[in-house]
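Let me begin by presenting the structure, written as C-alpha cells, before commenting on it.
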C-alpha cells in the first residue's frame, strides 16, 4: 500500500502481414500415439499435429514433415534438424515446435515420452525419455537469435504406470523461448475430443484468428480450453521472448491480394457465412459514432472501437478468472495486497487502450463541461494529470456518457488488476522484473525492477509495448484512479470484480505507479488518496460495460 502525500480491418492487417513476410517461420510437429501397454495408447496426437500444422501453414509457417510415433533418437534427430533450419534462416527466424503425446515429471525433470518406452519409471525415462531441458538447450544453442515457441500438449490423464503426479513441474522463464503447456503444473490434460484434443482444437482456431500477438493468442487458447473442459484443464505458459516486437499470428497473404479499403471488415478465416464478424470498429467510418447494439454484440476480445472524435479508443477484454493480490513472498509486498483470492470477471468489457490524454480531456473542457486542467507541460497525447477523482466522476464521465449515449466509468480495482496482469501471475505483466524499455518510471529500483530513466514528466501514451490484452502503460507513466473505496485488506471484498463501496471512502484506490518513482509498478501494488487530490503524476483510464 502506498499513500500519496499531496472483426479486424484489412488496413489494420497490412503492417503485420508485411512483417510476417520478412521473417522466416519454421514449424516442427511431433505426435506420439501408439505407446506400449505399460504407458498406454492415445487417441488424438496424430489428429492434433495435423490440425495445428494446417493452421501454422495458414499463417505463413514452413511446416516440416511431421514426426510421428517417434523413438528418443527419432525425436532428437527431428529437433536437431529443426534447429539447424532455424539457424540458417537468420536472426529474424521464428520457430514453433508443437508436441502432442505423453509426458510427465520425474526426479525434478520434465520428460516427453517416446513410443518405445516400456513403462514410465524414473530409470526408464532417464535412459529413453527426452528431457524438456534437452530440447531447450538444442533450440537455444543452435539458433540463439530465433524466437522460439515450444508448445507441450502432454501430461495425459490416461498415462499408465506413473508413480506420483502425472503433471509437469514449473521451469521458469527461459530467455528467447515462450514455453506453452496444455495444463497447469502438477495437473493432467485430456486426449479426448471430436477429431482432436481440446488444447489442439483451441490452438488451431486461435492461430488463424486475425489481429492478435503471441501473448493474446495463447491467452485466448487458455480461455477456450477452460470453457471446453469446464475449468478442469487450465493451460499456462512461461514467456521468455526478448524481442521488442511480439510475433503476430492470424495473417494470410491472401488478404493482400487487392488494395485495402479501410472500411472493409474481414470475417474470421474459419467463419461460416452466418457467423458474426469479429469486431474492430476503430476505423469503421470516417467519423466515429457510438456502437449500435448489433455491433456491440459482435466485438470480440482484442477488438477495439472509438465512439466520437474526442472519445478514448476502447479495447475489449475477455471474461476470465484470476488471482488478485500478491503471494506473501513477493518482493516489496505490502500487507494490504492480501489475502490473495480468486476473482471472476463474468463478462467481457471494454477498457481504454491508453490513459485518457490531455487532448481528450480538452474535448470536455471545450464544451464547458469540465474544468480546464491547468496542465502546462505534456499536452496533446500525454496523459491528463492534475485531475481529481471527484472531477472525473462528477464531470468528465457524465459528459462522455451523454455524448455517446453509453455508460462510461472508472475501472473497479479488481478489473484494473485483471487487465494489468493480462493473464500473468508474475509481479509485472512483463515478468519478474520491468525495465525502462518497458515503462516510464524514475531512476531507482523497486519490486525487483531495474532502474528507470531519470525523467521528470509523462511521456506520450503508447510509447512502450502493450500487454497481452493490447493495453498500454498499465505500469508507470501516471497513477490511475479506480472506482473503489480503500480497505487495508481483501477479507470480505467482492469476488465478482465489482467495486468496494464501503470502508474508508475518504480515500480512493490508485493503481499502476507513475513516472515520478518506481513505487506502485507491480500489478498487485496499491495506492490511495483523497478523491480531491490533484497532482502531476495522477491520471486515469476509462471502462465501459458492453451489451
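When you count, for each residue, the other Cβ atoms within 10 Å and take the mean per peptide, how do 73-82, 475-484 rank with the highest first?
Sorting 73-82, 475-484 by mean packing, highest first, produces 475-484, 73-82.
For the residues 100, 502, 373, what sequence is obtained by ranking on other C-beta atoms within 10 Å, fewest first?
Listed from fewest to most nearby Cβ atoms, that is 502, 373, 100.
Considering only C-alpha atoms, what is the centroid distance from the range 217-245 to the range 456-477, in Å?
23
Determine the percent antiparallel among the DSSP beta bridges restricted to the chain, to the nearest 5.
That works out to approximately 55 percent antiparallel.
Calculate for the chain the 222 nm mean residue ellipticity that helices alone would give, adding -39,500 (n - 2.57) per DSSP H run of length 4 or more and normalising by residue count, nearest 500 deg cm²/dmol.
Calculated from helices alone, the mean residue ellipticity at 222 nm is -6500 deg cm²/dmol.
Explain nothing, just the number: relative contact order of the range 10-246, from Cα pairs under 8 Å at least 6 residues apart, as a whole percent.
About 22 percent, as a whole number.
Could you give the C-alpha radius of gyration of the range 10-246 expressed as a fraction of 2.2 N^0.38 Å, taking N as the number of residues it contains?
The value comes to 0.95.
Can you pull the one-decimal nm distance between simple spin-label points at residue 368 and residue 407, each 7 Å off the Cα toward Cβ?
Inter-label distance under the simple model: 3.0 nm.
Over the range 30-94, calculate the relative contact order: mean separation of alpha carbon pairs under 8 Å at least 6 apart, over the residue count, as a percent.
Averaging sequence separation for qualifying contacts and normalising by length gives 31 percent for the range 30-94.
For the range 26-116, count all C-alpha to C-alpha pairs, find those more than 18 Å apart, and express that count as a whole percent of the total.
48
Hey, fewest Cβ within 10 Å first, where do 237, 217 land in order?
Listing 237, 217 from fewest to most nearby Cβ atoms yields 237, 217.
Quick one: check the C-alpha center-to-center distance for the range 136-202 versus the range 83-99, whole angstrom.
If we compute the Cα centre of each part, the gap is 19 Å.
For the range 519-538 and the range 350-426, what is the separation of their C-alpha centers, rounded to whole Å?
15
Over the alpha carbons of the chain, what is the largest minus smallest coordinate on each principal axis, giving the biggest first in Å?
Sorted from largest, the Cα extents of the chain read 76, 56, 41 Å.
Quick one: grab the alpha carbon gyration tensor of the range 292-545, order the square roots of its eigenvalues as a ≥ b ≥ c, and give me rounded if a/c is under 1.5, else prolate or oblate depending on whether a/b is larger than b/c.
rounded
With contacts defined as alpha carbon pairs under 8 Å and 6 or more residues apart, what's the relative contact order of the range 100-164 in percent?
40
Quick one: order 127, 151 by neighbouring beta-carbon count within 10 Å, fewest to most.
Listed from fewest to most nearby Cβ atoms, that is 127, 151.
Where a number appears in this text, it was derived from the coordinates with a stated rule and is not lab data. Keep in mind that this is a model prediction, so the values were computed, not measured. Reconstructed Cβ throughout: ideal geometry from the backbone, glycine too, with neighbour counts over all protein chains shown.
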